[in-house]
Amino acid sequence: MKIYMNDKLVEATEAKVSVFDHGLLYGDGIFEGIRLYDGCVFKLDEHLERLEYSAKAIMLDIPWSREEIAAAVCETCRANGLVSGYIRLVITRGVGSLGLSIKNCDKPQLIIIADKIQLYPEEYYEKGLEIITVPTRRINSAALPPTIKSLNYLNNILAKIEAQHLGYHEAIMLNDQGYVAECTGDNIFVVHKGELITPTASAGALKGITRDTVLDIAEQLGVPWREANLTRYDVWVAEELFLTGTAAEIIPIVKVDARTIGNGLPGKVTARFLEQFRQRVSREGTMLS
Ligand code: PMP
């Protein structure tokens with residue numbers, strides 16, 4: 001496998017970062033997870049825009065232009081003969097001294113990995129997934145804005161550990177006010193009385209690219225939608241529930257905290273959104289040149 005590092009492709013065995021890289025020492029860096037469908041990179045520009053916003057928020061100057069990174073993403077996919085898969089794009093703060101200061105870190109490191117995607121088993125898309133709420137709260141945005149897609153994922157990892165410990169794949173994380181923020185690696189949507197509702201980013205959610213696509217589909221289908229604070233109660237009494245994410249796409253949820261959602265089967269609204277989403281991924285995207 002070939003990995004893109006800084007300005008060239010190298011063999012995976014040669015793709016190494018320094019032990020002094022602040023990405024490793026402090027989780028000081030940013031990343032994106034992007035999908036490649038049938039030779040087209042889905043929402044590449046949106047991902048690169050979010051990457052730039054994350055960089056701005058952590059005061060990291062990206063020394064590569066958006067066009068250069070886009071070209072590097074395509075080159076990495078091509079070099080690995082990938083037609084469909086998952087692209088992990090990482091920018092670390094780079095090598096610095098053994099302290100928190102970013103002053104000595106003058107060379108950010110760009111890493112692009114293009115690989116096959118590990119999906120949820122198909123049965124979860126057919127039968128729906130069961131999830132729970134975990135005790136670990138989503139970090140307060142005054143501490144670390146969850147809108148920054150940073151390399152510091154320990155908050156989500158702690159929640160994921162709790163979920164897996166109890167036998168679940170995903171979990172709802174509440175914010176420190178007790179409202180639903182998001183899941184450990186996905187955004188959450190409720191369908192209630194024909195309306196689509198999702199937490200605002202300020203409630204502790206990442207501004208998901210799939211979330212945006214779903215809101216766009218809602219506009220297209222004429223399904224009313226809004227962003228709102230959601231409680232666990234709102235989730236339990238929802239008619240339908242689904243999660244969105246680059247890897248998960250749109251996945252139906254049929255049980256939360258042992259409460260059956262709707263009739264316990266993936267709902268019709270969710271199915272419509274998933275169908276529209278799959279149509280979009282097959283016709284939109286940046287073709288590998
Ligand atoms: N929330 C979190 C915490 C995530 O890590 C992700 C991405 N896996 C999402 C939401 C979904 O965002 P996107 O649709 O951009 O992948």
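The values are calculated or read from the model by the stated rules, or taken from the named source; none is laboratory data. Nothing here was measured: the structure is a model prediction, and the numbers come from that model. Heads up, the Cβs are rebuilt from the backbone with ideal geometry, glycines too, and the neighbour counts pull from every protein chain shown.
What to note about this one:
- Among the residues of the stretch 246-289, the one identified as out of contact with any Asp or Glu (no Cβ under 9 Å at 6 or more places or on another chain), of a type in the set (Ser, Thr, Tyr) and modelled with pLDDT of 95 or more is Thr260.
- Across the stretch 25-61, the number of residues qualifying as under 17 Å from Lys103 (Cα atoms) and either acidic (Asp, Glu) or within 15 Å of the chain's Cα centre (by Cα) (or both) comes to 2.
- Flag for Val237 being more than 12 Å from the ligand (Cβ to nearest atom) and in contact with a strand residue (DSSP E or B) (Cβ under 9 Å, 6 or more places away or on another chain): yes
- Considering residues of the stretch 30-51 that are at positive phi and more than 12 Å from the ligand (Cβ to nearest atom) only, the residue surrounded by the most Cβ atoms within 10 Å (Cβ to Cβ): Gly39
- Cross-chain or 6+ apart pairs with Cβ under 8 Å, the stretch 173-187 first and polar (S, T, N, Q), then within 6 Å of the ligand (Cβ to nearest atom): Thr184/Asn156; Asn187/Leu206; Asn187/Gly208; Asn187/Thr210; Asn187/Arg211; Asn187/Thr244; Asn187/Gly245
- For the stretch 192-207, the count of residues that are within 12 Å of the ligand (Cβ to nearest atom), more than 18 Å from Val134 (Cβ to Cβ) and surrounded by fewer than 24 Cβ atoms within 10 Å (Cβ to Cβ) is nonzero.
- For beta carbons closer than 6 Å, sequence separation of 6+ or different chains, a first residue in the stretch 123-136 that is at negative phi and a second that is at pLDDT 95 or above and part of a loop (DSSP other than H, G, I, E, B), the qualifying pairs are Ile131/Tyr168; Ile131/Glu170; Ile132/Tyr168; Ile132/Asp257; Thr133/Asp257.
The rows are residues; the columns are (1) at pLDDT 95 or above; (2) among the charged types (D, E, K, R); (3) part of a loop (DSSP other than H, G, I, E, B).
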{"residue": "Val10", "(1), (2), (3)": "yes, no, no"}
{"residue": "Lys16", "(1), (2), (3)": "yes, yes, yes"}
{"residue": "Leu24", "(1), (2), (3)": "yes, no, no"}
{"residue": "His47", "(1), (2), (3)": "yes, no, no"}
{"residue": "Lys56", "(1), (2), (3)": "yes, yes, no"}
{"residue": "Met59", "(1), (2), (3)": "yes, no, yes"}
{"residue": "Glu68", "(1), (2), (3)": "yes, yes, no"}
{"residue": "Arg88", "(1), (2), (3)": "yes, yes, no"}
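- Residue in the stretch 95-103 that is buried (at least 19 other Cβ atoms within 10 Å of the Cβ), in contact (Cβ under 8 Å) with a residue 12 or more places away in the chain, of a type in the set (S, T, N, Q) and not in a helix (DSSP H, G or I) present: no
- For the stretch 70-84, a residue qualifies if it is under 20 Å from the mean Cα position of the chain (by Cα) and either more than 16 Å from Leu9 (Cβ to Cβ) or at pLDDT below 95 (or both), and exactly one does: Ser84.
- Within the stretch 75-86, being assigned to a helix (DSSP H, G or I) and surrounded by fewer than 21 Cβ atoms within 10 Å (Cβ to Cβ) holds for Glu75, Arg78, Ala79.
- Hey, Glu170 in contact with a Cys (Cβ under 6 Å, 6 or more places away or on another chain), among the acidic types (Asp, Glu) and buried (at least 21 other Cβ atoms within 10 Å of the Cβ) or not: yes
- Flag for Ala15 being more than 23 Å from the chain's Cα centre (by Cα) and either over 25 Å from Lys207 (Cβ atoms) or within 16 Å of the ligand (Cβ to nearest atom) (or both): yes
- For Asp115, the conditions (1) within 16 Å of the ligand (Cβ to nearest atom); (2) in contact (Cβ under 8 Å) with a residue 40 or more places away in the chain; (3) over 24 Å from Leu48 (Cα atoms) are fulfilled apart from (3).
- Qualifying residue in the stretch 150-158 (condition: more than 13 Å from the ligand (Cβ to nearest atom), among the β-branched types (Val, Ile, Thr) and surrounded by fewer than 16 Cβ atoms within 10 Å (Cβ to Cβ)): no
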